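Worksheet: one structure, shown below.
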Amino acid sequence: MSEPEAPEAPEAPKKKSFDSSAADGEAKRTMTWIKRLLIGGGSLGTLMGVGLGLIFGVHKLPSGSMWPTLPYGERLFTSRLARQPFRGVVLVFHHPEQRAQLFAKRVIGLEGDVVSTSGGELSINGWKVPRCQVGRASYADRDMGGESGTHEGTLFVEWLGLATYLVFEEKGAFVVVGEWKVAPGEYFVLGDNRNNSHDSRTWFGGKGGGVPLADTQGRVVGHESAEIPKGAQDLAPALASCLAKRPPQTDPPPPR
């Protein structure tokens, strides 16, 4: 009498991968719903507006330091409930030196991390943040609220934590080189327009420094994916090629 065949082992559940484009689309649909409600909702819209004001903040971007991710002058929605800094997210916070001003920057390092920049490359605890070159791009000063002049450079995709985003490096611009250790209770931020951003690398008289956790106003929503900026649509195939090369490791090692 033959032995019964052993039942096949059930397949292990497939690990879900992070889809930043899906998260970005969901955030944009939510923001569209909120706008429609506030504009055409009558008394209900007014009541909902009061409640939503406790959850969401609205800020206007005063500079081009976050181009190409955040266009100059755009109104940003922030979630007041999402203030925890994670590497790769964009937060709105009080400027450490001029608290009356609100800034929007990308979180790069957390407390204890050692952040360094050299030759355009970004490292955290000795680990190079992975990137992929997309191609040449440019923007005009008049598009950023300035006078005449054009900035030419290169777009790169960077991966950090769960975030996938674009950064711009201007050709021939001054590059800040250095190493900074993030203090306890703070986080380190950079602008995506790397050569045209006043951020953690240059604050406090050029010594650099972080943002205190208590100064965070909220996380920017609706800009969670890498998108080609206006006027650079010819780079779409190159961007798609880069996005298909997402590396397996997007988190740095813990600080020593």
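The values are calculated or read from the model by the stated rules, or taken from the named source; none is laboratory data. Keep in mind it's a predicted model, so treat the numbers as computed, not measured. Note that each Cβ is placed from the backbone with ideal geometry, even for glycine, and that neighbours are counted across all protein chains shown.
Here the condition is being surrounded by 12 or more Cβ atoms within 10 Å (Cβ to Cβ) and modelled with pLDDT under 95; of V167, V182, V211, V220, it holds for V220 alone. Need the failing condition index for P96 against (1) out of contact with any His (no Cβ under 9 Å at 6 or more places or on another chain); (2) more than 17 Å from E186 (Cβ to Cβ); (3) not in a strand (DSSP E or B), just the number. Every condition holds for P96 apart from (2). Evaluate the following for V189: is it touching a strand residue (DSSP E or B) at 6+ places or on another chain (Cβ under 6 Å), surrounded by 16 or more Cβ atoms within 10 Å (Cβ to Cβ) and of a type in the set (V, I, T)? Against the criterion (touching a strand residue (DSSP E or B) at 6+ places or on another chain (Cβ under 6 Å), surrounded by 16 or more Cβ atoms within 10 Å (Cβ to Cβ) and of a type in the set (V, I, T)), V189 qualifies.
Contact map, the stretch 123-136: residues that are within 17 Å of A163 (Cα to Cα) and assigned to a loop (DSSP other than H, G, I, E, B) paired with residues that are basic (K, R) and modelled with pLDDT under 95, Cβ distance under 7 Å, separation 6+ or inter-chain. No pairs are found.
Evaluation of F174 against the conditions (1) within 13 Å of P252 (Cβ to Cβ); (2) assigned to a loop (DSSP other than H, G, I, E, B); (3) among the aromatic types (F, W, Y) shows that the sole unmet condition is (1). Take the stretch 105-120 and flag every residue that is part of a strand (DSSP E or B) and touching a strand residue (DSSP E or B) at 6+ places or on another chain (Cβ under 6 Å). Of everything in the stretch 105-120, those that are part of a strand (DSSP E or B) and touching a strand residue (DSSP E or B) at 6+ places or on another chain (Cβ under 6 Å) turn out to be K105, R106, V107, I108, G109, L110, V114, V115, S116.
Answer with yes or no whether S63 is at pLDDT below 85 and not hydrophobic (A, V, I, L, M, F, W, C).
For S63, the condition - at pLDDT below 85 and not hydrophobic (A, V, I, L, M, F, W, C) - is met.
Evaluating D141 against the criteria (1) under 15 Å from the mean Cα position of the chain (by Cα); (2) within 22 Å of N195 (Cβ to Cβ) leaves one unmet condition, (1). Taken together, E170, E186, E179 contain a single residue that is touching a residue at least 40 places away in the same chain (Cβ under 8 Å) and under 19 Å from the mean Cα position of the chain (by Cα), which is E186.
Looking for something modelled with pLDDT under 95 and closer than 18 Å to H95 by Cβ - is there at least one such residue anywhere in the stretch 116-139? There is no residue in the stretch 116-139 that is modelled with pLDDT under 95 and closer than 18 Å to H95 by Cβ. None of R80, R99 is in contact (Cβ under 8 Å) with a residue 40 or more places away in the chain, among the basic types (K, R) and touching a helix residue (DSSP H, G or I) at 6+ places or on another chain (Cβ under 7 Å) except R80. In the stretch 189-207, of all residues being small (G, A, S) and more than 20 Å from the chain's Cα centre (by Cα), the one that is nearest to V134 (Cα to Cα) corresponds to G206.
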